[in-house]
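Participant: Structure in structure tokens, see below.
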Amino acid sequence: MHRLVPLGLLAAGCGGIREDPIGFDALLVSIDGASWALLDEEWAHLETLPGIAPAPIPIHLLGYADTPAAHARMLTGYGPEVTGVLDRWHDPPIPAGLTLHERLRARWGESLHLSFVSNKPKNLAIDPGLSFQHAGDASDWTYAGYDPTAGVGARMRDALDDGWDRPLFALFHFAEVDEAGHRSGERSWDQRQALRAIDAELGLVLERLREREREARIYVTADHGFTPGTNYHEEKAHHVWLVCDDPALDASEGEIDEIAWTFLDLYDAEDEALPPPEGLGSLRGR
Ligand SMILES: [Zn+2]
């Protein structure tokens with residue numbers, strides 16, 4: 001299996017916090033409410049995403065199709081039987097130690113800069129007593145608030161500048177495609193414009209990374225889609241996607257839970273005490 005960690009690091013052995021530097025940044029970008037159908041129809045009009053990968057791969061979401069439930073899976077690799085996050089009405093704090101941010105901090109300590117940027121302060125919440133509290137606590141740089149798309153893009157660039165002294169792992173969440181879907185319907189002109197605007201913002205972020213000559217891995221995905229022909233997401237809203245430039249990615253499809261296992265693999269941060277559920281695992285090198 002290919003890994004991006006330097007060879008010296010592999011020789012360091014397992015267990016405990018690593019002190020060796022990591023040679024790359026990794027961004028996990030979540031475009032809330034961007035269905036497979038929307039991305040597929042818009043692909044020819046986008047500039048940044050088709051530059052990251054020649055094609056998206058299909059990703060399936062199990063369980064309830066909403067922001068808290070899907071992000072709990074994406075950021076822990078587990079369903080509600082482990083996280084407690086069933087849907088937006090049942091979204092207690094995820095038990096401590098399960099989120100990617102906490103697990104990367106436990107593995108790499110302060111040698112990694114962690115950011116958590118949420119564009120939905122209620123549904124992807126990091127305040128005390130809310131679902132993603134522990135992920136927020138483990139991060140160096142957090143933001144949870146509703147900004148139009150351009151606001152999140154500016155925050156992404158700020159986070160990149162702030163994390164400059166250390167390799168960065170960041171979650172960046174964009175709400176605008178979901179907001180436009182509720183406002184104007186799925187695959188409406190409004191929703192298409194929102195996706196194009198986010199694509200353009202991502203282009204500015206990648207330009208910033210290139211200017212600084214950073215080696216980065218970009219994973220762009222969506223938490224859920226919309227029920228066809230409606231402005232809500234319940235049934236048939238479970239078909240999303242992943243666009244990724246990780247050369248070790250070796251999967252033609254996956255589950256949203258596997259995004260968490262893929263990042264744990266990327267960072268050599270698996271833990272036998274917290275194994276993936278049966279049938280799930282990393283999308284790299286399999
Ligand atoms: Zn929504």
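All of the numbers you see were taken from the coordinates with simple rules; none came from a lab. What you see is a predicted model, and the numbers here were worked out from it, not measured in a lab. FYI the Cβ positions are ideal-geometry reconstructions off the backbone, even for glycines, and counts take in every protein chain you see.
Participant: Where Lys and Arg each count +1 and Asp and Glu each count -1, what net charge lies around Phe116 among other residues with Cβ under 14 Å from its Cβ?
Facilitator: -2
Participant: Students often check this: by mean Cβ neighbours within 10 Å, which of 243-249, 232-238, 118-124, 30-36 ranks highest, and how do the rest follow?
Facilitator: The packing order, highest mean first, is 30-36, 118-124, 243-249, 232-238.
Participant: Compare the peptides 40-51, 70-81 by average per-residue count of other Cβ atoms within 10 angstrom and give them in order, highest first.
Facilitator: 70-81, 40-51
Participant: Which residues' amide hydrogens lie under 5 Å from the amide hydrogen of Val29, considering only partners 5 or more residues apart or on another chain, with H built in the peptide plane?
Facilitator: HN-HN under 5 Å from Val29: Phe172, Tyr219, Val220, Thr221.
Participant: Does anyone have the angle between helix 149-162 and the longest principal axis of the chain? Alpha-carbon axes, 0 to 90°, nearest 10?
Facilitator: That works out to roughly 10 degrees.
Participant: Here's another thing I want to ask about it. Using R₀ = 30 Å, calculate the FRET efficiency as 1/(1 + (r/R₀)^6) where r is the Cβ-Cβ separation of Arg183 and Glu211; round to 0.05.
Facilitator: With a Förster radius of 30 Å, E is 0.30.
Participant: Follow-up question, since we're still on this one. State, as an integer percentage, the relative contact order of region 24-266 based on alpha-carbon contacts under 8 Å between residues 6 or more apart.
Facilitator: 37 percent
Participant: Classify region 24-266: rounded, prolate or oblate, from the alpha-carbon gyration tensor (a ≥ b ≥ c, eigenvalue square roots; a/c under 1.5 rounded; otherwise prolate if a/b is larger than b/c)?
Facilitator: rounded
Participant: Could you size up the charge dipole of region 24-266 around its Cα centre, putting +1 on the beta carbon of Lys and Arg and -1 on that of Asp and Glu, and report it in debye to the nearest 20?
Facilitator: 260 debye
Participant: Excluding Asp178 itself, what net charge comes from residues whose Cβ is under 9 Å from its Cβ, given Lys and Arg +1 and Asp and Glu -1?
Facilitator: -3
Participant: Between helix 257-266 and the chain, what is the angle of the helix's C-alpha long axis to the longest principal axis, kept within 0 to 90° and rounded to the nearest 10?
Facilitator: The two axes meet at around 30 degrees.
Participant: Using only the alpha-carbon atoms, how far is helix 189-211 inclined from the longest principal axis of the chain? Give it as 0 to 90 degrees, nearest 10.
Facilitator: 30 degrees
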